[in-house]
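Report on one structure; see the data block that follows.
The values are calculated or read from the model by the stated rules, or taken from the named source; none is laboratory data. The model shown is predicted, which means the values in this text are computed figures rather than measured ones. Glycine also receives a Cβ, built like all others from the backbone with ideal geometry; neighbour counts cover every protein chain displayed. Only protein heavy atoms, including side chains, enter the accessible area calculation; ligands, DNA and RNA are left aside. Shrake-Rupley method; radii C 1.70, N 1.55, O 1.52, S 1.80 Å.
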Amino acid sequence: MRVTVKLFATFRDGRFKVEERELPQGSNVLNILEPLNIKPDEVAICLVNGRDVNAQHFLNDGDTIALFPPVGGG
Amino acid sequence: MGGYIGKILRVNLTEGKISTEPLNMELAKKYLSGRGLAGKMFTDEVASDVDALSPENKIFIAAGALTGTNAPTSGRYVVVTKSPLNGVVASSNSGGQWGAHMKFAGYDMVILEGKADRPVYLSIHDDVVEIKDAAHVWGKDVYATTDTLKKEFGDDKVKVLSIGPAGENLSLISAVMNDLYRAAGRSGVGAVMGSKNVKAILVRGTGKVENANPDVMKTVLSSALGKLRENGVTGQGLPTYGTAVLVNIINESGIYPVKNFQESYDAEADLISGETMTANHLIKKDPCYRCPIACGRYSKWEGGEGAGPEYETVWVFGSNSGIHDFDAIHKANDLCNKLGLDTISVGATIAAGMELVQRGYIKPEELDGTPLEFGNAAGMVEWVRKIGYAEGLGAKMALGSYRFAESYGAPELSMTVKKLEIPAYDPRGVQGQGLQFATSNRGGCHVRGYMISPEILGLPEKLDRTSLEGKATWVKIFQDLTAVIDSLGLCLFSSFALGLSDYAALVNAVTGANYTDEELLACGERIWNNERLHNLRVGYSAAEDTLPKRLIQDPIVDGPSKGQTLKLAELLPKYYAERGWDEAGVPTPECLTKLGM
Ligand code: SF4
């Protein structure tokens, strides 16, 4: 399956803003994080199609994953 | 006594009379200082039927109980008055340095009453207070005024608070500015100062604020600073990117209003994100008094440099106007600072105007050749200027989006609650924040209870933004806690890392009080109910605890939150019950007795 990975704030440093990823069926968010060298506890907000999920969340074809370190404001 | 100075400066402008009086410590125990005590004095002293722009209205400029101490983020003061925009209690707070220096000069609060017979400014140098002629700065922008009056004062350490031309022109969306570009922005407080013919207040203080328990404070302070440093948001996110880091988070959550809330996701938002601003525009960070977080930005753009912009400003002049031109956003922000305008309300009024044009309500000949259409950046910047100087259609827009849209028979196109423009979060996709907008005591405002923190950022814990479960309770606690933080004179952003117990420890260490967590939160609840009672007296009712039709009736049309709606009808009764109010949203006698009101 194909998913879109979006990185934000410091996660972009030395990585990318947006990339497509080809993954085997049954992959979860952890399978995205590992090759990017991002530890699950560095992720403050993980959105899959805009919904907040945890690292064990299973992915589907066409999903958009947005990953944020701790950030905020107002 | 620590924290409080114990003295109020009262200036009767009609009579030219200056006096001081002791701070009522009995009231301060129950309402703290800042927003709380000033709000209580305002409701006691100003009759509810007073016209906001008449001499009978008063302005209470109040520092918090901890303002000017070594507590972190303790630079804030508040402007409390009757709002000319919507008649409710305006309590707009601002950071920078000015508030702390008012306390160094020896005052917890400055009260302005009556009306001067000509433009004046107030000069406060410790206990030497003078009302001076301001004819030469009337009509000048905030920067020029600050510069001229500083030179006149002859001491570079003086801090200046002033209004711009917008406040003089009685724009209902004008701000009170301090330290050049820090704004007590919302609810039209600039116009109230303008209506009294007061252009500026200078403070130069050489005193300091006492600390009741310096030894205890050392421990409390080190714990608070540690938490602020270690928290990812206050220790890294905000210092690195500023508040505009929210652009991508809110957008990816699908609650990022676009084109006057017609859409809720912007595929091009990253062009104007905090990440982009940091990479291309940031010159330096610009913290307020005693702030280790330093979210404030100082930026450059094509042809200029200056403060900001903040998240709400980026959004309102950016995506909400269909614009992705960062230079134009900077220019609009800079103009607002100089003309003394509230960026949120100005941008939202322009966006409402763009939709009025889109739907054919405004005829091209009304525009005097200045484009007013989504995506037109140069036109947007020019409209900001026209609003500030009340030129052409800008004079109508200077009254805010509600009156503007209503004048075309289309008030539903004004994205406001109680006539105050709603900031950068689509409430349909974030239930608690939606309830908060509907019930905020000053109208459409995010900083009366920032539910985005738990519902989107996961602080202090993650809540499902689409769920109604527990939201009424959360909103009440957040509103009450925020009233406490505002009344202590601390920055709301400290609450990403600090909780009620930290604030109790700080206020006890500084003032020598013995608040339990519950007692301190009860102060917040008292402050909230006092404001609510005022709003009911001026004629508001449960019917106004609502949002524009678009945000109540229509689902979100695009993006990750497509189809979502705000379930306000289910949330409101729960909220009233949680507050101990009756079904009409009126505080019950039991509720008021419990709070000692
Ligand atoms: S966090 Fe930002 S707004 Fe708050 S006190 Fe610090 S610099 Fe000022």
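Just to verify a number: FRET efficiency for residue B:283 and residue B:543, C-beta to C-beta distance, R0 = 30 Å, to 0.05? Calculated value: 0.05. Taking amide H as placed 1.01 Å from N in the peptide plane, the amide H of residue A:27 sits under 5 Å from that of A:59, each at least 5 places away or on another chain. Once the Cβ-Cβ distance of residue B:27 and residue B:557 is raised to the sixth power relative to R0 = 60 Å, the FRET efficiency obtained is 0.75.
The relative contact order of the range B:142-184, computed from alpha carbon pairs under 8 Å that lie at least 6 residues apart in sequence, is 35 percent. Projecting the Cα atoms of B:563, B:534, B:596 onto the dipole axis of the range B:476-597, where Lys and Arg carry +1 and Asp and Glu carry -1 at the beta carbon, places B:563 farthest toward the positive end.
Measuring with a 1.4 angstrom probe and ignoring ligands and nucleic acids, residue B:491 comes out at about 20 Å² accessible.
Net charge of the neighbourhood of residue A:55, taken over other residues with C-beta under 11 Å away and scored Lys/Arg +1, Asp/Glu -1, is -2. Applying a threshold of 30 Å to the alpha-carbon distances of B:259/B:386; B:386/B:476; B:7/B:199 flags B:386/B:476 as lying beyond it.
For residue B:125, the solvent-accessible surface with a 1.4 Å probe is about 70 Å², rounded to the nearest 10. Interface area, chains B and A: about 1900 Å² of buried accessible surface, summed, with a 1.4 Å probe and ligands, DNA and RNA left out.
Taking the Cα centre of the protein assembly as shown as reference, the dipole from Cβ charges on Lys and Arg (+1) and Asp and Glu (-1) amounts to some 1020 debye. For the range A:1-64 versus the range B:237-309, the spacing of their alpha-carbon centroids is 23 Å. A crude spin-label estimate for the pair residue A:64 and residue B:157, with each label 7 Å from Cα along the Cβ direction, gives 5.4 nm. Mind listing which GluC sites (Glu not before Pro) in the range B:1-83 are in a DSSP loop and have 13 or fewer other Cβ atoms within 10 Å? When the GluC sites (Glu not before Pro) of the range B:1-83 are filtered for loop state and at most 13 Cβ neighbours within 10 Å, B:15 remain. Estimated at 0.36 nm per residue, the fully extended path between residue B:130 and residue B:300 surpasses their Cα-Cα distance by 57.4 nm. Under a 5 Å amide H cut-off, with hydrogens placed 1.01 Å from N, residue B:133 pairs with B:121 among residues at least 5 apart or on other chains. List the aspartates and glutamates whose alpha-carbon lies under 12 Å from that of residue B:462, not counting same-chain residues fewer than 8 positions away? Output for residue B:462: A:52.
By accessible area, using a 1.4 Å probe on protein heavy atoms only, chain B has 50% of its surface on carbon and sulfur. Summing Lys and Arg as +1 and Asp and Glu as -1 over all other residues whose Cβ lies under 10 Å from the Cβ of residue B:482 gives a net charge of 0. Per residue, the accessible area of the range B:426-594 comes to 33 Å² when a 1.4 Å probe rolls over the protein heavy atoms.
Remark: the range A:2-68 carries a charge dipole of roughly 160 debye about the Cα centre, counting +1 on each Lys and Arg Cβ and -1 on each Asp and Glu Cβ. Sorting A:57, B:446 by accessible area puts them as A:57, B:446; the probe is 1.4 Å, largest comes first, and only protein heavy atoms count. Between residue B:206 and residue A:25, the FRET efficiency from the beta-carbon distance, with R0 = 60 Å, is close to 0.25.
DSSP finds beta bridges in the range B:7-204, and of those with both partners inside it, around 75 percent are antiparallel. Taking every DSSP helix (H) stretch of at least 4 residues in chain B, weighting each as -39,500 (n - 2.57) and dividing the sum by the residue count yields a mean residue ellipticity at 222 nm of -11000 deg cm²/dmol. Within 13 Å, Cβ to Cβ, of residue B:328, how many net charges do the neighbouring residues add up to if Lys/Arg are +1 and Asp/Glu are -1? Around residue B:328, the surrounding residues sum to -3. Charged side chains reduced to their Cβ positions (Lys and Arg at +1, Asp and Glu at -1) give the range B:240-420 a dipole of some 640 debye around its Cα centre. Taking each residue as 0.36 nm, the span from residue B:216 to residue B:17 lengthens on full extension beyond its C-alpha to C-alpha distance by 67.5 nm.
Please give me, ordered by residue number, the GluC sites (Glu not before Pro) of the range B:229-333 that lie in loop per DSSP and have at most 11 other Cβ atoms within 10 Å.
On the way: sites: B:230, B:252, B:263, B:268, B:275, B:302, B:305, B:310, B:312; in loops: B:268, B:302, B:310.
Loop-located and lightly packed - B:302.
When only DSSP loop residues count, what trypsin sites (Lys or Arg not before Pro) in the range B:421-472 have their Cβ near at most 14 other Cβ atoms within 10 Å?
Answer by residue number: there is no such site.
Look at the alpha carbon pairs under 8 Å that are at least 6 residues apart: their mean separation over the length of the range B:7-204 gives a relative contact order of 23 percent.
For residue B:128, the accessible area of its heavy atoms, probed at 1.4 Å with every protein chain present, is near 80 square angstrom.
A straight line joining the Cα centroids of the range B:315-362 and the range B:1-68 runs 34 Å. Placing a pseudo-label 7 Å from each Cα along the Cα-to-Cβ vector at residue A:16 and residue B:144 gives an inter-label distance of 5.2 nm. How far is the Cα center of the range B:565-597 from the Cα center of the range B:437-459, in Å? Here the answer is 17 Å between Cα centres. The shape of the range B:240-420 comes out prolate: with a ≥ b ≥ c from the C-alpha gyration tensor, a/c is at least 1.5 and a/b beats b/c. Amide H to amide H, with H built 1.01 Å from N, residue B:258 comes under 5 Å of B:263, B:264, B:265, counting only residues 5 or more places away or on other chains. The candidates B:49, B:426, A:13, arranged from most to least accessible area with a 1.4 Å probe in the full protein assembly, appear as B:49, A:13, B:426.
Under the definition of Cα pairs under 8 Å and six or more residues apart, what whole-number percent is the relative contact order of chain B? The normalised contact order for chain B reaches 16 percent.
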